[in-house]
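See below for the structure under consideration.
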Amino acid sequence: MARLGLFPVFLREIFCERTLPREPEPDLVMEGPEQVAAFVEAGRIDGVMAASYLFNAAHISQAIQGCNTVVDLGCGPATQLALVAQLNPNISFIGVDLSPGMLASAEAHVRALGLSNVRFQQEDVAKLSGLADQSVDGVISTLALHHLPTVDLLRACFHQIRRILRPNGAVFLVDLGRLKSLKSVIYFAYMNARHQPHIFSLDYERSLRAAFMRDDFDALAKDYLPPEVEVLSTAPVPVLLITKTRDRPLPELLRARLSDIRRRLPSRYRGDLDIIRFLCRLGGLRGDPFR
């Protein structure tokens, strides 16, 4: 996130009386070679998404400690999943995505990293027909659920999470939240335009327009997920929504590794990470793994 320009965004969002209507993305499957290539280029860990990926990886790691098998819904090119798998080598991961192009990129990425604890399945996250009842210990998803065209399909996805998750399983879902102002959408979508392919910025804009509301996640978490699950957001503006089970203690070596990765980030991305941490802390997210 940018350091400048956020204050006017906060004011717009706080005082805007109406929320933008949701505009579902035209294509559920991100299959075009240009789209896939743009996400691979802009989304790898040393790219503009570095802060977000490290933030998510750290908090996912806290949620899934003690799990044996974790499924990632909408894994895309597996940048996020690969980082989590590297940090948690004793856990087996299943990345699912509807796009064969994304899965091919994901397979190549984990092979290049030499990871043996990740496999992939082509799945519709609203059906998950290839996963048996109570077959996984954890379910994660990062910035993928807004691709579902309707709230009914989001509901179907939550139903599937409940079906495949074992008792006392872990959940960590993070996605974009619906903003009130079109100016805010444009600001967030294009604030890194100089540093990423245009198609990535354009897709980010479409994703922000397609984001669900916090009320949607609140209702579905209450209906389908364990009582301990909480839904949180960045504050004062819900740019990110986080649906999660309780944190579990991190091994000291993993905590030290996360701190070392943060320290080695370029200063710009390290600053972005600290802003995300601060806004999430304002929204009630506890247990900062970088402290």
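Each reported figure results from applying straightforward, stated rules to the coordinates on display, with no laboratory input. The structure presented is a predicted model; accordingly, all values stated were derived computationally and were not measured. All Cβ positions, even for glycine, are placed from backbone atoms using ideal geometry, and neighbour counts span all protein chains on display.
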Looking at the structure I just gave you, is residue 144 under 18 Å from the mean Cα position of the chain (by Cα), at negative phi and not β-branched (Val, Ile, Thr)? yes
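Does residue 96 qualify as being surrounded by 15 or more Cβ atoms within 10 Å (Cβ to Cβ), of a type outside the set (D, E, K, R) and farther than 25 Å from residue 214 by Cα?
So residue 96 does not fit the description; no.
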Go through segment 212-236 and give me each residue that's touching a strand residue (DSSP E or B) at 6+ places or on another chain (Cβ under 8 Å) and over 19 Å from residue 54 (Cβ atoms). 212, 213, 214, 217, 218, 221, 225, 226, 229, 230, 231, 233
Looking at 143, 87, 131, 81, can you tell me which residue is closer than 24 Å to residue 285 by Cα, touching a Lys or Arg at 6+ places or on another chain (Cβ under 9 Å) and either of a type in the set (A, V, I, L, M, F, W, C) or touching a residue at least 24 places away in the same chain (Cβ under 8 Å) (or both)? 87
Among (1) assigned to a loop (DSSP other than H, G, I, E, B); (2) of a type outside the set (Ser, Thr, Tyr); (3) under 22 Å from residue 254 (Cα atoms), residue 81 falls short only on (1)
For residue 177, are the conditions met, namely being more than 16 Å from the chain's Cα centre (by Cα) and among the small types (Gly, Ala, Ser)? no
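Could you tell me which of the residues 270, 257, 262, 248 is in a loop (DSSP other than H, G, I, E, B), of a type outside the set (Asp, Glu) and over 30 Å from residue 20 (Cβ atoms)?
After ruling out the rest, the residue left standing is 248.
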